[in-house]
1. Any idea what the dipole of the range 69-215 comes to, in debye rounded to 20, about its Cα centre with Lys/Arg Cβ at +1 and Asp/Glu Cβ at -1?
2. Consider all pairwise Cα distances in the range 42-134 and report the whole-number % of them above 20 Å.
3. Under the definition of Cα pairs under 8 Å and six or more residues apart, what whole-number percent is the relative contact order of the chain?
4. If I fit a long axis through the Cα atoms of helix 116-125 and take the longest principal axis of the Cα atoms of the chain, what angle between them do I get, 0 to 90°, rounded to 10?
5. By how many nm would the segment from Gln177 to Glu109 grow when fully extended, if each residue of separation counts as 0.36 nm and the alpha-carbon distance is taken off?
6. With N set to the number of residues, divide the alpha-carbon radius of gyration of the chain by 2.2 N^0.38 Å and report two decimals.
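Bear in mind that the values in this text are calculations on the coordinates, not laboratory data. Here the structure is a predicted model, which means the values were calculated and not measured. We place every Cβ from the backbone using ideal geometry, glycine too, and count neighbours over all the protein chains shown.
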Amino acid sequence: MIKAILFDLDDTLLDIRLEYFLFHYISGQAHIFSDISGKSYPAAFGSLVNAYLTINNQKRTDGLTNRELFNATLGKSLEITPEDPMVMDALHCYDTEIVPSMNKKGFFESRPEPGANEAIQKVQDMGLTMALATNTLFSLEADMVRLGWAGIEDAPFVAISTIDTATRTKPSARYYQEFLGQIGFSAAECLMVGNDIQRDFPHPDIGLPTAYVGHANPRRAVFRGNLHQFAQELPRLVESLNAQESEN
């Protein structure tokens, strides 16, 4: 029985050119780490890109959180200690004071995805639990900034996946299994909602159904359409999934 809806964030609830956001986000971090390490900006930028690629490696076998692996990789490259309170304070300030203004300075455009509030309200009206299963490259503070851009920073998500709470990134099945464990539901009790034909479908499959709100036509999706249509069809979709579960 479906008890919880897991929403992706970027290009699902938030209309954003993610590649531009990532570039400017990492660029700002590079200036911070360049100052801290004494390395050049290009060296700091390259080290950051490598650290993000490392935590995003789907062949990882370590047991570290994404933050721990990120810090270890970056610290070795720049010869610094990212866990130092001074460094952590600088990054916290960056995420809470600088990143929010990026959207206003025209670096990239972001706005609420049409239908996002409607979909969230429908989930609440149905009494279902709601969680934010976004890719775990960012801190909670950076996630909250983007939720603000989407106009849903007050949505009652019971959990938000972050770089600090996960040991993998999408589409790793381990990422999804960890997050499901965090919110206390099985894969069969949840419905994932996302726009990415790669990241929003667990690999390998763990039995988590996905409602697809992108522009492709993935065969694995239990629903295909936009968020407006998803909100309208959600009661029937949940009923159908519950019926299939009962038959099994």
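1. Details: 10 positive and 20 negative charges, 78 e Å.
Value, rounded to 20: 380 debye.
2. Working: 2563 of 4278 pairs.
Here the tail beyond 20 Å accounts for 60 percent of pairs.
3. On the way: 402 pairs, mean separation 64.1, N = 248.
Once divided by the residue count of the chain, the mean separation gives 26 percent.
4. Long axis of 116-125 versus the principal axis of the chain: about 50 degrees.
5. Values: separation 68, 0.36 × 68 = 24.48 nm, distance 3.27 nm.
This chain segment gains 21.2 nm when fully extended.
6. On the way: Rg = 18.6 Å, N = 248, 2.2 N^0.38 = 17.9 Å.
For the chain, the normalised Cα radius of gyration comes out at 1.04.
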